[in-house]
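Enquirer: Following this message is one structure expressed as structure tokens.
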Amino acid sequence: MPDSSTLDETDTNSDKQAMPDVQGSQDQRRVAINKVGVKDIRYPIALDTPSGGKQSTVATVNMYVSLPQEKKGTHMSRFLEILNKYHEAISSKDIMLVCHDMKQRLNADDAHLELEFPYFIDKEAPISGMPGKLDIEVSFECNSNGTDDFILGIKVPATSLCPCSKEISKYGAHNQRCVMEAKVRFAEGQSMMIEELFEIVEKCASTQVFSVLKRPDEKFVTEDAYENPKFVEDIVRDLAVALNNEDRIAWYQVNSENFESIHNHNAYAMVERDKR
């Protein structure tokens with residue numbers, strides 16, 4: 001009598017023979033599809049950290065491939081099989097491997113992968129040294145269609161203080177929270193950890209924000225912002241200068257949105273440059 005594993009394998013092969021592959025059948029409408037796949041997958045992932053460890057988080061994932069005009073459909077389950085293979089160790093350095101695997105497994109010319117996830121940066125308060133964690137939003141955008149394209153994106157919260165308000169006011173100056181966003185493509189053979197890009201971006205605001213502040217820390221960041229006033233235009237120009245000086249970056253798009261404290265609207269500015 002055959003053992004259970006032989007039976008399972010036989011049954012599986014029998015099922016495959018009995019079940020038609022509808023997705024692989026011919027389509028007569030002659031319309032190619034640019035992107036088809038699965039989106040808004042909530043999935044646990046682990047990311048490499050500079051210390052050599054891992055940080056676990058939950059990503060929202062979109063996975064797509066192109067579909068030629070003669071094929072009726074793609075095999076949706078294979079996207080999740082691929083994700084299962086890579087989720088335990090993902091970094092900006094090797095994320096393109098997922099795209100390559102998608103192209104191969106789904107026999108596609110183009111593959112597209114998008115991840116968005118919260119990421120936590122360890123930050124000590126500036127005077128007291130109290131430890132804390134600052135959450136930022138990170139994105140990976142990957143495309144493979146003969147050439148590979150990868151974009152690392154981060155959104156960093158900070159503080160901005162209005163230079164005009166400081167100049168014209170007898171007492172103080174109005175300040176506001178802002179969110180600075182940077183998306184970057186790397187030069188050939190180059191890469192960057194999330195923490196490295198974060199440090200570049202964070203320095204371009206009037207001052208930083210922290211998760212834990214004691215009174216001496218609060219005094220410091222308040223005065224630091226006052227001594228470093230910036231319009232939203234100043235922030236994006238400083239971001240542009242900083243990324244222009246970074247040889248590992250070939251292209252960038254930066255923006256800042258300042259959540260105004262004395263207006264019922266927000267201020268916004270954006271710069272995009274291709275350094276190649």
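Throughout, read-outs are computed from the coordinates displayed, never taken from laboratory work. Being a predicted model, the structure only gives us computed values, none of them experimental. Counting neighbours? That spans all protein chains shown, and the Cβs are built from the backbone with ideal geometry, glycine included.
Enquirer: Rg and Dmax in Å for the chain, alpha carbons only: what are they?
Expert: When restricted to the Cα atoms of the chain, Rg and Dmax are 24.2, 94 Å.
Enquirer: Pairs on different chains or at least eight residues apart, Cα atoms closer than 27 Å: how many lysine pairs in the range 117-191 fit? Intermediate values should be presented prior to the final figure.
Expert: Numbers: LYS123/LYS133; LYS123/LYS155; LYS123/LYS183; LYS133/LYS155; LYS133/LYS183; LYS155/LYS166; LYS155/LYS183.
Eligible lysine pairs with Cα atoms under 27 Å apart amount to 7.
Enquirer: Could you work out how far apart the two model spin labels at GLN190 and GLU167 are, taking each label as a point 7 Å from the Cα in the direction of the beta carbon, and quote it in nm?
Expert: In this crude label model, GLN190 to GLU167 measures out at 3.5 nm.
Enquirer: Under 30 Å Cα-Cα from LYS72, which lysines qualify once same-chain neighbours fewer than 8 residues away are excluded?
Expert: Here the lysines satisfying the reach criterion relative to LYS72 are LYS16, LYS35, LYS39, LYS85, LYS103.
Enquirer: Moving on to the next point. What FRET efficiency comes out for the pair ASN245/ASN107, r = Cβ-Cβ distance, R0 = 30 Å, nearest 0.05?
Expert: Efficiency for this residue pair is about 0.10.
Enquirer: Still on this structure: Please compute the length gained on full extension between ARG30 and SER56, using 0.36 nm multiplied by the number of residues separating them and subtracting their Cα-Cα distance.
Expert: 5.0 nm
Enquirer: Once you keep just the Cα pairs under 8 angstrom separated by 6 or more residues, what percentage relative contact order results for the chain?
Expert: Answer for the chain is 14 percent.
Enquirer: In degrees, nearest 10, range 0 to 90: what is the angle between the Cα axis of helix 215-226 and the longest Cα principal axis of the chain?
Expert: Orientation of helix 215-226: about 80 degrees from the principal axis.
Enquirer: Still on this structure, I have one more. With +1 assigned to the C-beta of every Lys and Arg and -1 to the C-beta of every Asp and Glu, and no other charges, what is the dipole magnitude of the chain about the Cα centre in debye, to the nearest 20?
Expert: 560
Enquirer: What FRET efficiency do you get for GLU233 and ASN145 if R0 is 51 Å and r is their Cβ-Cβ distance, rounded to the nearest 0.05? Walk me through the numbers before you get to the answer.
Expert: Values: r = 36 Å, r/R0 = 0.71.
Computed FRET efficiency for GLU233 and ASN145 comes out at 0.90.
Enquirer: A further question on this structure: In degrees from 0 to 90, rounded to the nearest 10, what is the angle of the helix 77-86 Cα long axis to the longest principal axis of the chain?
Expert: 60
Enquirer: Right, here's the next one. Relative to the first principal axis of the alpha-carbon coordinates of the chain, what is the inclination of helix 4-18, with its axis defined by its Cα atoms, in degrees from 0 to 90 and to the nearest 10?
Expert: Helix 4-18 sits roughly 90 degrees off the main axis of the chain.
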